[in-house]
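What follows is one structure encoded as structure tokens, with my remarks underneath.
Nothing in this text is a laboratory measurement; each read-out follows from the coordinates by a stated rule. Everything numeric in this text was worked out from a predicted model, so none of it was measured. Cβ coordinates were reconstructed from backbone atoms using ideal geometry, including for glycine residues, and neighbour counts include every protein chain displayed.
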Amino acid sequence: MNESGLSRRTFLSGRLQTPVVHISSAVISVLPKHLANVEKLLSVLPEVEVHHRNSSKIVIVLEGPDSGALGARLAEISGWEGVLSANMVFEQIDETPGHGEEP
């Protein structure tokens, strides 16, 4: 086995795994009086970015290892005070090696 943890046996047996990242956009519908607090809570979540908001909706982009993790995060958000719904709009799977790493 070399320094990267890759062995000849792993490579030849086809068990070589490329890191996969699921990227999703979602719309969070919020009661207007809770908008600022929900936006603040979203901004501190790991792997979540707030991209847009209006008087009752917040658009986010989130990343995770699989669809289940993204769904779990949205289910968590939907249970927050003042949140009416948290719905996934789009999902993309990125299998690019080194995704998210600085060059």
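First check a/c for the range 26-94, with a ≥ b ≥ c the square roots of the eigenvalues of its C-alpha gyration tensor; if it is under 1.5, answer rounded, and if not, answer prolate when a/b is larger than b/c or oblate otherwise. Prolate shape, in that a/c is at least 1.5 and a/b is the bigger ratio. Take the Cα of Ser43, step 7 Å toward its Cβ, do the same at Val59, and the gap between the two points is 1.9 nm. Taking label positions 7 Å along the Cα-Cβ direction at both Glu81 and His34, the computed distance is 0.9 nm, reported to one decimal. For Arg53, the residues 5 or more places off, or on other chains, whose built amide H falls under 5 Å of its own are Val59. 3J(HN,Hα) couplings calculated from phi for the range 66-74 with the Karplus curve 6.51 cos²θ - 1.76 cosθ + 1.60 (θ = phi - 60°) are, in sequence order, 6, 4, x, 5, 5, x, 5, 5, 5 Hz; Gly and Pro show x.
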